[in-house]
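To start, the structure itself, in structure tokens.
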Amino acid sequence: GIVGRTEAVGTLLEASARAQMDTESSHICLIGGTAGVGKSYLVESVKDALTSNGWIYLSCKFDLLMRNQPLVTIASAMEIFVQQLINVRGLPDGFDVDAVIASIEQSLSASGIVVLSDLVPSLRVLYRSVFAHVIMDDSEDDLNYVVAEATPDEDDGDDMGISSANTLRNRLHYLFGRLVEAISSVEHPIFLFLDDMQWADASSLELLLSLLVSGDHDDDNTQCLLVAGAFRSNEVDEAHMLSRYIQKFEEAMSVNVTSIQLDVITKSATHILTSEALLLPLRLMLSTLSHSVTHSLRSHSYDSWLMKIFFAIACQRSDGYGTSMM
């Protein structure tokens, strides 16, 4: 496990176990913390444990500069999965590719596949026969309209336009939900990691809310999904759009919300981490060397402290246990 993060790892794994056993509820694990504290690293550290237990691991990362392209980020996770189906790799052991491909086609129908293919282009490759027989209409233009115009708080006075956009948005949400149901199962649940949620656009958050609140949980259409969302809690105040959606998740009776707050790693944990990285006895961690590396680790991101430690190793090999290397 990750030094100093044993409890957080345990909480995340417990959430995954609940999601796999309790298919009558939706599940989301919200991970807060400042930039560089290790939120992404925490989630990535459980990937092997999840995939070895049959989970389908999907991930995507929101970008502030991409907020003008709604839904593209979440769709990118599905795009990678469809590519895995096409190439038959990166999937958990025992995954029945042919059965899932057939399930998707049955759940979405030809028209649904056509609509989603604008966001998930590899569907056109996976279902060539569908596109060979479908007469293309204005579905793509409709989809572009709903993605661009149908935001939850929209109010421009055009009641008919809003009604049309909402209808199209609801259709898109329905199709995404059917896609998740077709892919996931108790044996192979979906773990969807959404990173940097503080930059998520309104359309993506509305889609996420729909997946969690409106997902079917009956015996015929089981949605087995755990969403893990990481965000910079110091950048999300009560007025932030994400806060409003977190409140909606928490108020929904059908949604099981798990919260993890990551703080700066403790000094004792940094001593252990530095000791293991430098292959030195723990007792030497009270030296000036340890204090230098420890300060770097506690004040920088995980990527930054690795660079500091490699520098420390180089200095140790050339100068011994010096005090002027940081």
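What the table below lists for this structure:
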{"item": "Pairs with Cβ under 7 Å, 6+ apart, first in region 64-75 and at positive phi, second basic (Lys, Arg)", "result": "none"}
{"item": "Matching residues in region 73-96 - criterion: being among the β-branched types (Val, Ile, Thr) and surrounded by 21 or more Cβ atoms within 10 Å (Cβ to Cβ)", "result": "Thr73, Ile74, Val82"}
{"item": "Any hit, region 22-34, residues being out of contact with any Lys or Arg (no Cβ under 6 Å at 6 or more places or on another chain) and part of a helix (DSSP H, G or I)", "result": "no"}
{"item": "Inter-residue pairs, beta-carbon under 6 Å, first under 12 Å from Phe81 (Cα atoms) and modelled with pLDDT of 95 or more and in region 99-124, second in a helix (DSSP H, G or I) and of a type in the set (Asp, Glu), 6+ apart", "result": "Val120/Glu79; Ser122/Glu79"}
{"item": "Criterion: in contact with a Pro (Cβ under 7 Å, 6 or more places away or on another chain), at pLDDT below 95 and either hydrophobic (A, V, I, L, M, F, W, C) or open to solvent by 20 Å² or more (accessible area, probe 1.4 Å) (or both) - qualifying residue of Val147, Val213, Val130", "result": "Val147"}
{"item": "Which numbered condition Asp196 fails, given (1) open to solvent by 10 Å² or more (accessible area, probe 1.4 Å); (2) at pLDDT below 95", "result": "(2)"}
{"item": "Pairs with Cβ under 7 Å, 6+ apart, first in region 261-283 and surrounded by 18 or more Cβ atoms within 10 Å (Cβ to Cβ), second part of a helix (DSSP H, G or I) and modelled with pLDDT of 75 or more", "result": "Leu262/Ala8; Leu262/Lys39; Leu262/Leu42"}
{"item": "When residues of region 26-63 are limited to those that are open to solvent by 30 Å² or more (accessible area, probe 1.4 Å) and among the polar types (S, T, N, Q), the one nearest to Ser204 (Cα to Cα)", "result": "Ser59"}
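Table: residues versus (1) at pLDDT 95 or above; (2) surrounded by fewer than 21 Cβ atoms within 10 Å (Cβ to Cβ); (3) of a type outside the set (S, T, N, Q).
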| site | (1), (2), (3) |
| --- | --- |
| Leu192 | yes, no, yes |
| Ala228 | yes, no, yes |
| Asn256 | yes, yes, no |
| Ser287 | no, yes, no |
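The values are calculated or read from the model by the stated rules, or taken from the named source; none is laboratory data. Because the structure is a prediction, the values reported are computed rather than measured. Every residue, glycine as well, gets a Cβ built from its backbone with ideal geometry; the counts of neighbours run over all protein chains shown. Side chains included, ligands, DNA and RNA excluded: accessible areas come from the protein's heavy atoms. Shrake-Rupley method; radii C 1.70, N 1.55, O 1.52, S 1.80 Å.
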